[in-house]
Amino acid sequence: MSNKRLLLFMIIFHLSSALRTYTKEDLVKLREEVREMFYHAYNSYLKYAYPYDELRPLSCDGMDTYGSYSLTLIDALDTLAIMGNYSEFQRVVDILSTKTDFDANINVSVFETNIRIIGGLLSAHLMSNKVGMKLEPGWPCNGPLLRLAEDVAKRLVAAFDTKTGMPYGTVNLHSGVPKGETTVTCTAGVGTFIVEFGALSRLTGDPLYEEVAMNALYSLFNHKSQLGLYGNHIDIDSGRWTAQDAGIGSGVDSFFEYLVKGSILLQRPELMEMFYESKKAIDKYMKKDDWYMWVSMTKGQVTLPVFQSLEAYWPGVLSLIGETSSAMRTLHNYHQVWQQYGFTPEFFYIPQNEAGSHKESYPLRPELIESIMYLYRATEDPFLLQAGEDILRSIQHSAKTPCGYATIKDVRDHRKEDRMESFFLSETTKYLYLLFDTDNFIHNQGQSGTIIDTPNGECVIDAGGYIFNTEAHPIDPSALHCCHSVSNKNIFDLKEIEKNKALFMGEGIKEKKIPVEPCQQQNEFDDPKEDDEVLTITTESANSYVKLEDNDSISQKILVSDEDYQDNASYLDDTEEMSFPKLLNQILVKEEKTFDPQEMLEKFRTENKYPRNSTWENNFKLLSCKGQPFLQRLSILGEFFTK
């Protein structure tokens, strides 16, 4: 054996022998420690901050952040169910059920309201049966939380009434899109709706929500660069990219996440095709030694060699498509950053191996533990348990306060900041808990399920395969097939089970996948030329980049000159003379016109700007999983049983 091989063998042996062995008792102890962490934060919110949106853990009081609707209470609701506290879950649902709508004269983030409020309400609605609540007739197609979720969606859907079908970033919950609202939206703000809106359409029978979300995704896909890359921000009126840095992190992240999750949840293979097309470009231009850089969307050259804390979701997404080896290598890189500081800073400069200046905070983010939990379910690698315990120890040591858990202002010295974002209870503690609670019902792999009666017949729920939205609110995919006429195309007779079982076997190991040609694109996006003047709004660095986190208020971040953005809606046609009374009449008519969501939907259908690809839509082999248990697959595909 050569010296190099001997050295490599010794290193591998040392690493493997250094891993701790976790017994069942160890996992239970860690799980209970996470439970105590959650309740310290949750009870502090109830004591010091409720009914405000968030807790200030150093001041021991509360503040409103996203709309003054007790955000943390809604965000934490399904975590209570996952941890088995059904009585508190029911108490909170009773409080929320007294609310009939979300009518309020406040401007809110369309993105944040969707993932936190609609996502939280839908997840809690679907868990109501699990916790033993008294259900309304027709559940899961009916219920107070479902009605509240739809009420919020009806208020958000006005944002999609644009020339491109991509939504504005802000709406007023009472009056729609605010006057003068910027037309610039981050990529994630366009592509992060299909999970919640798709679930809502399947449960209510109203196709509006799923169709507008799909239309926005098709629009975004058709505006990618010739290299197949997406910028960071886009003008939803003109389709012009205003920030041309392409990456997988801040301002973009959940777009890629929702292509995969939406495809699985709604059984839409075209979304998986979009993801694979996007991933080809990501791997070609961004991936360097299992890190992912920021590059120019038109040239593919590296513009920002950083790792962002938000990017740590990526290994979890790779695990959902079966690429666990690649995911594990990238996760090891991210975990090394955690070990260096005890946390992951918002920006970590890879060449310098150090936290970014003015980007050294850690707001209790969940992305790293999210990927760890996903990969442990896929691999059961004990390294992942150790990595999860590292995260638990760091938070307990440096973020805990007498009134909750605080954001780490600087990962280098662990100074605290007076904020505990709601995702700490919705995501961070939930993923930690699920990592150590290996027997949780969320992890059901089809060993069991529940048959319920619906107006469409009997269907299976609770058979596993839960899809987490980007705020970690789990959606039971099987429940989406229990409502209205959407599922009647999938009638299944148990007496014919032997005859039809081949439908669920997936693709043979030796069978080669047939490459699918990309769909024909109309209105192809023209890349900005090198000499064009472009309003550059990119991810932040020491070189005056603008902060673009998933919870940024975009309208507050972007400054646009009159020269860059002039009003495209001209009332005067250059070729037509118009009298002042006629002009005034047109203006008045336009101002008085009210938003009609059905009219918007019919416009999208009629214009058909982004034609669907029937080959992609029917390539269900992409959704097959050879190891998926029969009952779980049956549940996800939405078969009904004849009596």
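The values are calculated or read from the model by the stated rules, or taken from the named source; none is laboratory data. A quick note: this is a predicted structure, and the numbers were derived from the prediction, not measured. Heads up, the Cβs are rebuilt from the backbone with ideal geometry, glycines too, and the neighbour counts pull from every protein chain shown. Heads up: the accessible areas ignore ligands, DNA and RNA and are worked out on the full protein's heavy atoms, side chains in. Shrake-Rupley method; radii C 1.70, N 1.55, O 1.52, S 1.80 Å.
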Note to self: Need one word for the range 35-81: rounded, prolate or oblate. Basis is the Cα gyration tensor (sqrt eigenvalues a ≥ b ≥ c); a/c below 1.5 gives rounded, then a/b vs b/c decides.
What the structure shows: oblate
Checklist line | Part-to-part distance (alpha-carbon centres) for the range 60-80 and the range 232-310, which is given in Å | finding: 30 Å
Next item on the list: Grab the Cα-Cα distance for K134 and K284, subtract it from 0.36 nm times how many residues apart they are, and report the gain in nm with one decimal.
Entry: 48.7 nm
Check: Considering amide H positions built from the backbone, and no H for Pro or chain starts, which residues 5 or more places from V252, or on another chain, come under 5 Å of its amide H?
Finding: A188
Margin query: Can you give me the solvent accessible area of H174 with a 1.4 Å probe, rounded to the nearest 10 Å²?
Written below: 120 Å²
Check: Amide H to amide H under 5 Å from W294: which residues, 5+ apart in sequence or cross-chain, H placed 1.01 Å off N in plane?
Finding: T303, L304, V306
Check: Can you list the residues of the range 349-380 with backbone N under 12 Å from a point 7 Å past the Cα of H443, pointing along Cα to Cβ?
Finding: 373-380
Checklist line | Stretchable slack from S97 to Y39, in nm (0.36 nm times residue separation minus alpha-carbon distance) | finding: 18.6 nm
Notebook entry, point to check: At K29 and R393, where each label point lies 7 Å from the Cα along Cα→Cβ, what is the point-to-point distance in nanometres?
Noted result: 1.3 nm
Check: Ranked from the most accessible area to the least, with a 1.4 Å probe and all protein chains present, what is the order of R202, R240?
Finding: R240, R202
Notebook entry, point to check: Where in the range 263-301 does the amide nitrogen come within less than 19 Å of the point 7 Å from the Cα of Q352, taken along Cα to Cβ?
Noted result: 292-295
Notebook entry, point to check: Relative contact order of the range 390-445: what whole-number percent is it, with Cα pairs under 8 angstrom and at least 6 residues apart?
Noted result: 19 percent
Next item on the list: Step through the residues of the range 448-463 one at a time and calculate ³J(HN,Hα) from phi using the Karplus curve (6.51 cos²θ - 1.76 cosθ + 1.60, θ = phi - 60°), rounding each to whole Hz and writing x for Gly and Pro.
Entry: 8, x, 10, 9, 10, 8, 9, x, 9, x, 8, 9, 9, 10, 6, 9
Check: Can you run phi through the Karplus equation (6.51, -1.76, 1.60; θ = phi - 60°) for the range 385-401 and list ³J(HN,Hα) in whole Hz, with x for Gly and Pro?
Finding: 5, 5, 5, x, 5, 4, 5, 4, 5, 4, 5, 4, 6, 10, 9, 6, 10
Next item on the list: For H233, tell me the accessible area in Å² from a 1.4 Å probe, rounded to the nearest 10.
Entry: 0 Å²
Next item on the list: Whole Å is fine, so just give me how far the alpha carbon centre of the range 347-405 lies from that of the range 142-172.
Entry: 33 Å
Check: What accessible area per residue, rounded to a whole number of Å², is obtained for the range 153-297 using a probe radius of 1.4 Å?
Finding: 21 Å²
Next item on the list: Assuming R0 = 30 Å, can you tell me the calculated FRET efficiency for the pair Q598 and Q226, based on Cβ-Cβ distance, to the nearest 0.05?
Entry: 0.25
Margin query: I want to check the label-to-label distance for Q386 and R415. Put each point 7 Å from Cα in the C-beta direction and report it in nm to one decimal.
Written below: 3.4 nm
Checklist line | Subset of K29/K261; K29/K288; K163/K430; K154/K280; K29/K130; K130/K400 violating a 29 Å alpha-carbon distance limit | finding: K29/K261; K29/K288; K163/K430; K154/K280; K130/K400
Check: Which whole-Hz ³J(HN,Hα) couplings does the range 321-330 yield from phi under the Karplus relation 6.51 cos²θ - 1.76 cosθ + 1.60, θ = phi - 60°, glycine and proline marked x?
Finding: 9, x, 8, 6, 5, 4, 4, 5, 5, 5
Check: T344's amide H: which non-local residues (gap 5+, or another chain) put their own amide H closer than 5 Å, with H modeled 1.01 Å from N in plane and none for Pro or chain starts?
Finding: none
